Amino acid sequence: MDRPTLEETIALLEATLDATHDAILVVDLKRRVIHSNRQFLEMFRLTREDIDAGGLDAVLRRMSEELDDRNGTLVATQDLWTDPASRRLDVLRFKDGRIIERYVAPHQIGSRVVGRVASFRDVGSTVRTAESLEQHRAFLEQAQTVAHIGSWVAELDGSGNVGWSAETHRIFGVPAGQFDGTSEAFFELVHTDDREAVRAAGAAAIERDRAFDIEHRIVRPDGSVRWVQECGSLQRDATGNAVRMIGTVQDITERRQLEDQLRQAQKMEAIGRLAGGIAHDLNNALTTMAGYAELALGELQSDHVARADVEEIRRAAERAGSVTRQLLAFSRKQLLQPRVFNLNGTVAAISRLLSRLLGPDVRVQTALADAQLDVLGDPGQIEQAIINLAVNARDAMPAGGQLTMSTAIEPVDDEYARTHLPITPGTFIVLRVADTGHGMSRETQARVFEPFFTTKDAGKGTGLGLSMVYGTMKQIGGFIFVDSELGRGTTFRLLFPPAAGQEAPAEGLPPAQARTERPRGHETLLIAEDEPAVRNLVASALRNDGYKLLLAASADEALAIADAHRGAIDLLLTDAMMPGRTGVELAAILVDRYPHLRVIIMSGYTEETLSLSERTTRVAMLQKPFTPRDLRRRIREAIDR
């Protein structure tokens, strides 16, 4: 085979250089351009004639005119000639946005340096991509810092490697570089009481494709305990195997503390309202007990054998009244104690209390399943959840309506689970709380469980009631969903995981106070009291004091008696809460009708819980329980004022 001629060899080398991706420039030690390939001419917008006419200086002049940092680049270029054997790799940035990597090396023949070879490569897209990625990484880190939400990656390939973002390091209190990046190092920071729960949640997410979403405690290296919420999602390979889990972590310590405080505040408010409703009935009974005891003492001689027993009855009634007052004013914080209890029993017990809590305009009905519905949770929490739902229902029915609570055992199939995430198929104990109120729009339903979201007027709701119900159900492994339409009411569906066990007994709520003298009168008194025992006691206490008594068992009956009565009515003595029209409404009607009428309103509630729009000098309060002496004194004070 014939060896190629020199001309052929040169032509072959030139063709090879033209075929390369990089731009090539070859110069000798006298700064003369020996060769430039086609890519070089195109990259720097030069022609052969430009190079032949001006040489290397023309090339450098053309390049320098388009460079961002002209002077710095020229200095670097001049430095290349101080040592022809040196090598240099740098990046040139042009005004038009091009980014070109330059590599200059000695051109050698054997061991002798005869010139310089420079190669140029457009790396603009690569550099911009890297810069963009770095910028996005910086943005993400900054966003995590602002939101206080860290991120993490856990490899599931058996290595146990875990990667944390800067914010995750801050949340866990571990400086960057001091976390060895393993799952075991992570679990060392998880509170010992929560480790198994976190491991189980991770295993369930991997093995049963469940969402990884858990709240747990961590112990920082400084010993401080914090609450965090972690959420994660799986990444799988082409064969469906889980290869890694990517997730977020958020420090929720302050939120949980706030929830505890608000939960306690709401519990105290609810207990106060419940105690007020119960106290109304209890105080009627105590008024009767204390009153008849005092009447009996008035008929017994000081040496009568039964006098000491009756005195003891009166003192017991007064002590019970003191307990009622304390319940109305005070509620202490108690520890939550999850246990297995019968949901039917809790719903039945609280339905009786809700009748008083929600007022006479709201009818409370129950439809309980014929089964032992055992669930695991804190009965007090569940009662609080039902109360929150009931109070919301009452607010949605300003003109009155019906609240229905029903229980059942129901299956959840795959189709329901797909449309009601994150519930999984299975059998649940279901409590429905349905009202006939004004309902909710789809937009409201989408946000109804968000903390601090409320549709009530300013000052009339914290926006935390339903979010706390949601949290209660989530804490015990249950779920809550809402179904509503504008104008068609709302149904909340609470789903409890069933549990075998025994029902725990429910709590009760106690009683209030009394005392006075014996003035007489001749005035006409209209007495409205729906409780026969209290009405009869009032009649017995005043029968021999000279008053003319008009007795009524309701506000409507009192109005009918007033219409039929010929003559003045000097004083109205009425119970505050009665079926139908209340005593406060009755007082408002009769005060307008009789300009000189005095009013005494009897109440088993504290004065602060009773809203009186007619609170004037003509209206006075008489707290139940009271004694005949208290009653006589207050009547004379009201009439003589």
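The values are calculated or read from the model by the stated rules, or taken from the named source; none is laboratory data. This structure is a prediction, so every number in the text was calculated from the model and none was measured. Positions of Cβ are backbone-derived with ideal geometry, glycine not excepted, and every protein chain shown enters the neighbour counts. We work out accessible area using only protein heavy atoms, side chains counted, and drop any ligands, DNA or RNA first. Shrake-Rupley method; radii C 1.70, N 1.55, O 1.52, S 1.80 Å.
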Taking R0 as 41 Å, what FRET efficiency do you get between Glu134 and Ala499 from their Cβ-Cβ distance, rounded to the nearest 0.05? 0.20
At what distance in nm do the modelled label points of Arg593 and Tyr103 sit from each other, each positioned 7 Å from its Cα along Cα→Cβ? 10.7 nm
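Say R0 is 41 Å: what FRET efficiency, to the nearest 0.05, do Glu585 and Asp413 get from their beta-carbon distance?
0.20
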Extending each Cα 7 Å along its Cβ direction at Thr47 and Ala349, get the distance between those two points in nm, one decimal. 10.0 nm
Normalised contact order of the range 189-235, rounded percent, pairs of Cα under 8 Å and 6 or more residues apart: 37 percent
Label-reachable residues, the range 179-223, where backbone N falls under 16 Å from a point 7 Å from Asn241's Cα toward its Cβ: 206-207
What distance in nm separates the two pseudo spin-label positions at Arg31 and His191, each 7 Å out from Cα along the beta-carbon direction? 7.5 nm
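If you take every residue apart from Ile429 with its C-beta less than 9 Å away from the C-beta of Ile429, what net charge results, scoring Lys and Arg +1 and Asp and Glu -1?
Its environment carries a net charge of -2.
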Would you kindly state how much longer the chain becomes between Leu89 and Glu155 on full extension, computed as 0.36 nm times their sequence separation minus their alpha carbon distance, in nm to one decimal? 20.0 nm
Could you give the length gained on full extension between Ala15 and Ala204, defined as 0.36 nm per residue of separation minus the Cα-Cα distance, in nm? 61.7 nm
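For Trp81 and Ser233 in the same chain, what is the full-extension length gain: residue separation times 0.36 nm, less their Cα-Cα distance, in nm?
Computed gain between Trp81 and Ser233 is 49.0 nm.
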Shape call, the range 338-407: gyration tensor on alpha carbons, a/c limit 1.5: prolate
13 Å Cα-Cα reach of Lys95 towards aspartates and glutamates, excluding residues that sit fewer than 8 places from it in its own chain: Glu65, Glu66, Asp68, Asp69
From highest to lowest solvent-accessible area (probe 1.4 Å; ligands, DNA and RNA excluded), Ile206, Ile252 read Ile206, Ile252
Label 7 Å along Cα→Cβ of Ala306; the range 535-574 residues with amide nitrogen under 18 Å? 537, 540-541
